[in-house]
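What follows is a set of notes on a single structure, which appears directly below.
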Amino acid sequence: MQFKAIEGQTLVANRLTLSVDEGRVAHAQMLVGAPQATALAIAYAQYLCCTNRRHYEGDGQRADSCGECPSCRKFASLSHPDLGFVFPATKEGHDDVSPSQEHQADFVKFLEESHQCGTYDDWLAALNIEKKQAKIYVADANFIVDRLSLKSYEGGYKMMLIWLPEKMMNDAANKLLKTLEEPIGQTLIMLVSADSSNLLPTVISRVQTINIGTGAEAEPSDETKALFVSWMRLLFKLNMRALSDTVDTMAAMSRDQLKRFLVYVLDQFQRSLMTHLAGDNQPLGTGDAKFDQSFPTMVTTNNAEAILNAINNTIYAIEQNAHAKIALMALSFTLSKHIKNR
Ligand SMILES: [Zn+2]
């Protein structure tokens, strides 16, 4: 899969290709959001391994894999020997047998037939086990650890895509912690989650999370845009009373509204990053021309990763029913610090 085949995800694609070009590939990353997260993860791995990466001028997509080199051709058939898959399945055989290992061919076929956009329910239907529960078991975790401890076949990255880690048994997740933290050699572990709210905090804390949204969000309301602009302006002044009022307005939203708002904020920072770092003009469209022009310069290579992580962590905390006001105040101080120390 090339990025160009994935609709409506240019911002995330640009962030991913930029991280490869700048040599900042975190070894454990999680893409959260349906339904294109799987395709994005595979396109990312393909780009990482491509021997003839393409770069484009102008706005829009900044780069892509070539789609033609030997590595890209192996990705096209999902048969790259250094790319493994682990996913929920049902346990049929002995406890030591990894259901994922047993079903690799079925899963590859499912990815192909679903254009890498299938859901958990689609997968159960493909296996004809609609009424059963599929899980990721300890034997699957052992499969991951064993596979990633081997040498890479092609001399490049060893890659493992863990599909729907929220279906992982706790004891399996615990087996993985060390590998997530310090894998051996050049390794990329990609977690693709449709719902990260059920994941263990010990897993979340070891991966870099990228919330991708659905790609089909409604245009934010004028109120949402105005709230974002006034919040960001307050981070410079740190007028505590006004900041407290603004945070109260955000904390009064429903969890879902607040999550959508924070995804919008995340998107604005990603746009700023692409505009400022990659010269790829991504208008913020807040309706405040002065703000739209000056704000992107606040995001630099020094602070971008910390800012994006802080917002992602807050989204996760909100999903976990954290106290909204406290989480938003903490986020405000973190953002303020990073924007000032850019
Ligand atoms: Zn290629």
ask   = If we only count helices (runs of 4 or more DSSP H) wholly inside region 218-292, which ones have 3 or more residues that are of a type in the set (Val, Ile, Thr) and surrounded by fewer than 20 Cβ atoms within 10 Å (Cβ to Cβ)?
value = none
note = Residues of region 1-32 being in a loop (DSSP other than H, G, I, E, B) and within 25 Å of Leu148 (Cβ to Cβ), in sequence order, are Met1, Glu22, Gly23, Arg24, Val25, Ala26, His27
task = Filter region 280-326 down to residues that are within 24 Å of Glu219 (Cβ to Cβ) and small (Gly, Ala, Ser) and give me whichever is farthest from the chain's Cα centre (by Cα).
result = Ala289
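Listed here are the residues, each with its yes/no results for (1) in contact (Cβ under 8 Å) with a residue 40 or more places away in the chain; (2) outside the structural domain of Glu57 (by TED's automatic domain parsing); (3) closer than 30 Å to Ala41 by Cα.
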{"residue": "Ala194", "(1), (2), (3)": "yes, no, yes"}
{"residue": "Arg206", "(1), (2), (3)": "yes, no, yes"}
{"residue": "Phe228", "(1), (2), (3)": "yes, yes, yes"}
{"residue": "Met240", "(1), (2), (3)": "no, yes, no"}
{"residue": "Met250", "(1), (2), (3)": "yes, yes, no"}
{"residue": "Arg260", "(1), (2), (3)": "yes, yes, yes"}
{"residue": "Tyr264", "(1), (2), (3)": "yes, yes, yes"}
{"residue": "Glu305", "(1), (2), (3)": "yes, yes, yes"}
{"residue": "Asn309", "(1), (2), (3)": "yes, yes, yes"}
ask   = Is at least one residue of region 97-106 among the small types (Gly, Ala, Ser), away from the ligand (no atom under 16 Å from the Cβ) and not in a loop (DSSP other than H, G, I, E, B)?
value = yes
remark   = Per the filter on region 39-92, residues hydroxyl-bearing (Ser, Thr, Tyr) and either buried (at least 20 other Cβ atoms within 10 Å of the Cβ) or free of Cβ contacts under 8 Å to residues at least 40 places away in the same chain (or both) are Tyr44, Tyr47, Thr51, Tyr56, Ser65, Ser71, Ser77, Ser79
ask   = Scanning region 35-57 for residues that are assigned to a loop (DSSP other than H, G, I, E, B) and touching a strand residue (DSSP E or B) at 6+ places or on another chain (Cβ under 9 Å), which turns out farthest from the ligand (Cβ to nearest atom)?
value = Tyr56
key: From Leu16, Leu78, residue being within 16 Å of the ligand (Cβ to nearest atom) and on the phi > 0 side of the Ramachandran plot   = Leu78
request  = Could you please let me know if Glu68 is away from the ligand (no atom under 16 Å from the Cβ) and more than 29 Å from Asp121 (Cβ to Cβ)?
outcome  = no
ask   = Out of (1) part of a strand (DSSP E or B); (2) within 13 Å of the ligand (Cβ to nearest atom), the odd one out for Phe85 is which?
value = (2)
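The values are calculated or read from the model by the stated rules, or taken from the named source; none is laboratory data. Note that this is a predicted model, so its numbers are computed, not measured. Heads up, the Cβs are rebuilt from the backbone with ideal geometry, glycines too, and the neighbour counts pull from every protein chain shown.
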